[in-house]
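The values are calculated or read from the model by the stated rules, or taken from the named source; none is laboratory data. Predicted model, so just to flag it, every value in this text is computed and none were measured. Positions of Cβ are generated from backbone atoms using ideal geometry, with glycine treated the same way; all protein chains shown enter the neighbour counts. Calculation scope for accessible area: heavy atoms of the full protein, side chains included, ligands and nucleic acids excluded. Shrake-Rupley method; radii C 1.70, N 1.55, O 1.52, S 1.80 Å.
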Amino acid sequence: SLSEGRGHYVVYAMGFCAVVFTFSTPPMNELVHSESGILVPSSRKEARHLGSIFYDDRAELAQSLESIFKMSQQAKIDYGVNARNWFQTNDERFRRDLPHIISKLML
């Protein structure tokens, strides 16, 4: 897509222990970290509406894909487990904090 507001598809993949491959741009790099996924640098950025649009660096993209193809099975498992752990921690925090935040808004 040209823009992503939250990264739902990334979080969904992390919940299923997937090896997440995404760009190192907001909001993706706020969700995925070097131990829980593969972050690909962007080559440039332009303003778009109230946000930004990022463009990929084809060489970096190819290199990142190649590293995933060459990755050991254990490394893939480690990325997946780290992604799932992040997902679970994030979910627990959301479930714990949301009712408190909403109650403050209701005052």
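For this structure, a couple of remarks:
- Complete set of residues in region 19-50 that are out of contact with any helix residue (DSSP H, G or I) (no Cβ under 7 Å at 6 or more places or on another chain) and assigned to a helix (DSSP H, G or I): Asn29, Glu30
- Here Ile53 meets the list (1) open to solvent by less than 20 Å² (accessible area, probe 1.4 Å); (2) in a helix (DSSP H, G or I); (3) more than 24 Å from Phe94 (Cα to Cα) almost entirely, failing just condition (2).
- Being over 9 Å from the mean Cα position of the chain (by Cα), open to solvent by less than 30 Å² (accessible area, probe 1.4 Å) and of a type in the set (A, V, I, L, M) is a property that holds for Val40.
- For first residues located in region 1-20 and over 15 Å from Asn90 (Cα atoms), partners that are outside any helix (DSSP H, G or I) and modelled with pLDDT of 85 or more and lie 6+ apart or on another chain with Cβ distances below 6 Å form the pairs Leu2/Ile53; Val20/Val32; Val20/Gly37.
Rundown of residues vs (1) at pLDDT below 95; (2) open to solvent by 70 Å² or more (accessible area, probe 1.4 Å); (3) in contact with a strand residue (DSSP E or B) (Cβ under 9 Å, 6 or more places away or on another chain), yes/no style:
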| site | (1), (2), (3) |
| --- | --- |
| Phe16 | no, yes, no |
| Val20 | yes, no, yes |
| Arg48 | yes, yes, no |
| Ile77 | no, yes, no |
| Ser103 | yes, no, no |
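- Residue within region 60-72 that is assigned to a loop (DSSP other than H, G, I, E, B) and polar (S, T, N, Q) present: yes
- For Ala83, the conditions (1) part of a helix (DSSP H, G or I); (2) within 12 Å of the chain's Cα centre (by Cα); (3) within 16 Å of Arg6 (Cα to Cα) are fulfilled apart from (3).
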